[in-house]
Structure formats: structure tokens, C-alpha cells
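The next block holds one structure in the form of C-alpha cells; read it before the comments.
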Amino acid sequence: MHTLKPLFASAWHDAGARTDGTALCDALLAAYAEPHRHYHSTQHLAECLQGFEAVRHLAQRPAEVALALWFHDAVYDVQRHDNETQSAAWARQALTTAGLQADAAQRVYELVMATRHTSAPAAGDAQLLVDIDLSILGAEAQRFAQYEQQIRAEYAFVPEDLFRTKRKEVLQSFAARPRIYGSDHFHAALEARARANLARAVA
């Protein structure tokens, strides 16, 4: 967690916030460390932030993308269907309170909402953000297997047969896309491995 705090401070400052953001960073880290999280955890946040650092140069507004990554799973309850909406609202409220312009706070809100994965995002920062969030699909086989176990743990209350049916639907929905990754960078780097991981998991 200590290695993540400077990343937050940098994004917070670069976005133009007028507060130090320390309390907010602590609140976000506490949220990602909630005990019911197994995948949507500090590990996932760290992987996303590290992944972003490697492609920061591709972002139009890098500070806003970084903040959207911090907030994209800030609220996470597997029995709710509005996690992204709640997370996005928290981001917009926090950024507005910190003195960011309304249009910047709204852009971060919309970036977080793009991680609902209900449709392919438009090109640009939303596409980059979504590709980072989905980079787990193209992870090395061992990490992908761990990810699948972590998702199962988050849905431990769901009977095995039902979980398998619903999980298969989710995985097949990604596999059915013409492109899993919208950006050329992630498509070239991860598309083939993601399709292999998905095919193995579905089988």
C-alpha cells in the first residue's frame, strides 16, 4: 500500500486538486482492503496502476485516467448492481470538493462508468482505461487461474452449478467480441493470450 500512495499524490496534484488528498487516499485503500474482496482488491488496484504507468504516454489526460483507476472499484459489493455508479459518484464528489473544474470531475465520472463493460468505449482515455481494467484476461496462465479462483471466492455464496453457468456467460461475452482490447497497444500485447485464457476457462 505504501508504494501506491505516491502514485495517488502525483495524480491528485497533476489533476489540479487543492487539497493534499491524504485522507481520501487512505479511504480508498481501506475500501480496496475490505475483507469480502478477493479479486477487486488492493492487488487489482496495484496491477492497474502499474499497467497504466507503462502506457501513460498514450493517455490524453493521464492524471484523470489515473484517478479513474483509483476510483473504478472503490465501491464493490457483489450483491449490488450499481457499484460503478456509486464509485463514479464518489469520484465526482471528491474531485469537485477538492476544487477541480466541473468538466474534469465529470470526465473522471464517465471514465469510471466505462468500466461497467456494457459496451465498447469510444477511442481515447476511456478505451485505454477499460483495456487496463481487462488486462487480467491476458495475464500469464498462472495469474489468470488465480484470478478465476479469486472471482469464485467473491461469489462463494452462489451454488457451484449456478456460478459455472453465469461465469461461462460472462467469459463467453468477452470472447465473442471482435476485439477484446480496443487500443492497438493492448490488442497487440494481450489479445492472443486473453483468447487462449478465455477458451481454457470456458472449457
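Structure data summary
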quantity	calculated
Choice from V170, V130, V55 showing the highest fluctuation, given a GNM over the chain with Cα pairs closer than 10 Å	V170
Cα-based helix-to-principal-axis angle, 62-71 vs the chain, degrees rounded to 10	60
Heavy-atom accessible area ranking, 1.4 Å probe, most first, across R80, R37	R80, R37
Nearest-ten-degree value, helix 42-55 long axis tilted from longest Cα axis of the chain	70
Cα-based equivalent ellipsoid, segment 1-69: semi-axes from gyration tensor eigenvalues, Å	20, 16, 9
Helical mean residue ellipticity (222 nm; -39500 (n - 2.57) per DSSP H run of 4+; nearest 500) of the chain	-20500 deg cm²/dmol
Per residue accessible area in Å² of the chain, where ligands, DNA and RNA are left out and the probe is 1.4 Å	50
Estimated D of the chain in µm² per second, where Rh is the Kirkwood radius over Cα pairs and Stokes-Einstein applies at 10 °C, 1.306 mPa s	91
Accessible surface of segment 108-176 [probe 1.4 Å, protein heavy atoms]: carbon and sulfur percent	54
Principal-axis tilt of helix 83-97 within the chain, Cα atoms, nearest 10 degrees	10
Accessible area of S41 in the full protein assembly, 1.4 Å probe (Å², nearest 10)	20
Packing rank of 119-125, 160-166, where each peptide gets the mean count of other beta carbons within 10 Å, highest leading	119-125, 160-166
Carbon and sulfur %, accessible surface of segment 1-91 computed with the full protein complex present, 1.4 Å	54
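The values are calculated or read from the model by the stated rules, or taken from the named source; none is laboratory data. Because the structure is predicted, anything quoted here is derived from the model rather than measured. FYI the Cβ positions are ideal-geometry reconstructions off the backbone, even for glycines, and counts take in every protein chain you see. When the accessible area is computed, the model is the full protein with side chains, heavy atoms only, and any ligands, DNA or RNA have been set aside. Shrake-Rupley method; radii C 1.70, N 1.55, O 1.52, S 1.80 Å.
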